[in-house]
1. For the list (1) over 27 Å from Ile609 (Cβ atoms); (2) in contact with a Gly (Cβ under 6 Å, 6 or more places away or on another chain); (3) open to solvent by 10 Å² or more (accessible area, probe 1.4 Å), I need the number of the one condition that Leu575 fails.
2. For Ala238, are the conditions met, namely being without any contact (Cβ under 8 Å) to a residue 24 or more places away in the chain and of a type in the set (A, V, I, L, M, F, W, C)?
3. In the list Gly231, Gly187, Gly242, Gly209, which residue meets the criterion of being under 38 Å from the mean Cα position of the chain (by Cα) and either of a type in the set (S, T, N, Q) or more than 26 Å from Gly330 (Cβ to Cβ) (or both)?
4. Kindly provide the set of residues from segment 508-549 that are closer than 30 Å to Leu334 by Cα and touching a Ser or Thr at 6+ places or on another chain (Cβ under 9 Å), ordered by number.
5. Arg493: modelled with pLDDT under 95 and surrounded by fewer than 24 Cβ atoms within 10 Å (Cβ to Cβ), yes or no?
6. Glu656 fails exactly one of the following numbered conditions: (1) in contact with a Phe, Trp or Tyr (Cβ under 9 Å, 6 or more places away or on another chain); (2) within 23 Å of Asp393 (Cα to Cα); (3) in contact (Cβ under 8 Å) with a residue 60 or more places away in the chain; (4) of a type outside the set (Ser, Thr, Tyr). What is the number of that condition?
7. I'd like to know if segment 584-601 contains one or more residues that are at pLDDT below 95 and farther than 18 Å from Ile648 by Cα.
Amino acid sequence: MHPYFNRRAKIYLLILVVMFGLSSFLAACSNGEINGTVSTTPSDTETQTETKVPDERTEQDPVPDPVIVFNHFTQAWTDGAYDEMYSHLTSAARRRIDKDTFVSRYSNIFSGIRAENLDIILAEDQEQTNADEDERYLRFRLNMDSLAGYLELDGYEMKLILDHSDENPKWKIDWTEALIFPDMRAGDKVQARILHPKRGEIYDRNNQGLAVNDELITIGLVPQDFMEDRGESIPKMAEWLGLSEDKINQIADQATVPDWFYPVVTLAAAQSDLSARLTALPGVQFQRTEGRVYPGGEATGLLAGYMGPITAEELERHPDQGYTAHDQIGKMGLELAFESRLRGERGGEIVLVDDDTGRVIHEVVRKDPVHGERIQLAIDLDVQQKIYHEMRDEPGSAAAIDPRTGEILALVSTPSFDSNVFQTYIPDDVRNQWNDSEHSYFLNRFNSGYAPGSVFKLVTAAIGLNNQTLDADEVIPISGLHWRPSDSWGSYRVTRVRDSGAVDFRDAMVYSDNIYFAMQALRLGRQAFETGADAFGLNEAMPMTYPFYRSQLSNDGLSRETLIADTGYGQGEILTSSLHMALIYGTLASDGNMMKPVLERTDSFSPEIWKAGAVEQQYIPLLRDVLRQVVEDPSGSGFTQTEMKRQILGKTGTAELKTSLDDEDALENGWFIAMDMEQDSLVLAMMIERVDDRGGSRYVVPFVKKAMNEIFSQ
């Protein structure tokens, strides 16, 4: 055959083969034979097999990142979703701890340590040392707030195991107790306790306690020994304690556990004799405890204040300050004013304890408490007690200062209470006395505002002298007991106590002539008078840590002539405190400067001037001499037969509490302010309420002089 024909025949043959193969393939597809399987013809020695080809329904999901599981677990932890945490545990871990136990353990531990604001942070370096691809280890730390303060716990390591039990492998957490705290083992217990700070103490300038922590005695009954003689014992206890039998019976009725100690009252350690009498009764026992003690007793009641259980309202006023419903808090006085410094800061500890031995095996964290401050005051407890002793039966206030330094030596308010009864118990007769008295035992009078009356005449005189509107040698003719400058005043008059005729400055101060000082105030006029009063700190808060009464010259400015005149002799709308008046008189011992009041005494204390040049120095000898005559001249309002241990100057003042300009039956408060002239070391300002019909301000003079003599003797 020709070669060309041969080639063409081969080409045609190849085309036929291809066409036949394509035709067979299409026929097979149309008959459904290729549908995810491939058939092969087995040889004589082979067995027919099928190979599955995965589709979308059977293909395995990729293995998740273990960090995702970590994030789910720790998010549930911070949310307190402990049952959700449990769902991520391996089956082996679930066999070791059931769900209820797991949830209650996390709940009890993290509520018990008062865990808040959990922050779980994955470590950046997560190098794997285990070659097993089915295990991963993730290191992390836990930060949180707790009863022990802010915690930063490191050393956590979470083991995750790839679980192949399901069709799709999943990472599970191989949980152990070390995921609660890193050093915790199976069977260990977590114990947490608050470490309470000691409350700070307050001392006087001589390191005598004003509010201190000391021993108290709790008296109680033990039913198994008490009940048989109950009928005889309770009347005796009631009599000795000053309580009703009903109160003790109520406690006895609730005493149901035979060998328990049921508290009845708490006594001061100094009441050891009473304690001995009580515990001689069958079934009456005592326990020693520690509490707040106030060595000054009634003399410092309204100064020191007291502590008591915190109320719901007080909790609301002090949010986020760590108070709980079981706390005690300063209620008034120094205890309240210095509360933030006295209370200290709680600490706490969290430890792991061996369940078998009860032994502490690891300290998770400990924060020591920060005890309250030791505060030392300028107050002199001896001075405080001497002043209180003299005026204790009268409603009033007193303040004593060292005028050279501004140090406050005493702040007295009467009547007063014994702060100790709020730490021990309140006898029935004491409670009745508080309730029945017309004078409040809980009104802090030394921190209240009163009209000063004629003791304010020193201010009017100083302002007039400074402004040269008052001439000490000028004799002013005044006739009669009543005066007005013009008919424009209508029926209103200024009244003086005695008709002294014409008077100069000396006479006006010695006789306490209201008309003279009303005239001087009108000469000054509103602007000069108000500016001069500002130089004595009126209308201004006192620069001291204790929140003290802010004195005022008037309600809304000296807008009327009659108001200016009345203010000149200490009436009108002036309101001030005994402390402020003591500081004003102290200018006569400090070169005319008004010293900054000092309640708290520190090692670095140095006297400071509050108001410089309140009284010009050239007038100080005159003012001192005139005020000396007030107490030494038999005609002076401050004269008595009392022999003083030191020479003093002083001024009386009777403040009328008029309800209207025409009030002729107004109640009166009496003032007397005195200063030691020999050493310039003491100013004592005292005010006693309701001196009308008791001699007016003269009634107060002996109280001040006796107290000063006692102070000079110490």
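1. Result: Leu575 fails condition (1) only.
2. yes
3. Gly242
4. As a first pass, look at segment 508-549 and keep what is closer than 30 Å to Leu334 by Cα: 533-549.
Across segment 508-549, the qualifying residues are Ala533, Phe536, Gly537, Leu538, Asn539, Glu540, Met542, Phe548, Tyr549.
5. Values: modelled with pLDDT under 95: yes; surrounded by fewer than 24 Cβ atoms within 10 Å (Cβ to Cβ): yes.
Yes, satisfied.
6. (1)
7. In the first step, residues of segment 584-601 are kept if they are at pLDDT below 95; the result is 601.
Imposing the further condition that a residue be farther than 18 Å from Ile648 by Cα reduces the set to 601.
Within segment 584-601, one or more residues are at pLDDT below 95 and farther than 18 Å from Ile648 by Cα.
Every residue, every condition in (1) in a strand (DSSP E or B); (2) surrounded by 16 or more Cβ atoms within 10 Å (Cβ to Cβ); (3) touching a His at 6+ places or on another chain (Cβ under 6 Å), yes or no:
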{"site": "Glu316", "(1), (2), (3)": "no, no, no"}
{"site": "Asp320", "(1), (2), (3)": "no, no, no"}
{"site": "Leu334", "(1), (2), (3)": "no, yes, no"}
{"site": "Ser340", "(1), (2), (3)": "no, no, no"}
{"site": "Gly348", "(1), (2), (3)": "yes, yes, no"}
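The values are calculated or read from the model by the stated rules, or taken from the named source; none is laboratory data. Bear in mind that the values here come from a model prediction, so they are computed numbers and not experimental data. No Cβ is skipped: glycine too gets one built from the backbone with ideal geometry, and neighbour counts run over all protein chains shown. Just the protein is used for accessible areas: all its heavy atoms, side chains included, with ligands, DNA and RNA removed. Shrake-Rupley method; radii C 1.70, N 1.55, O 1.52, S 1.80 Å.
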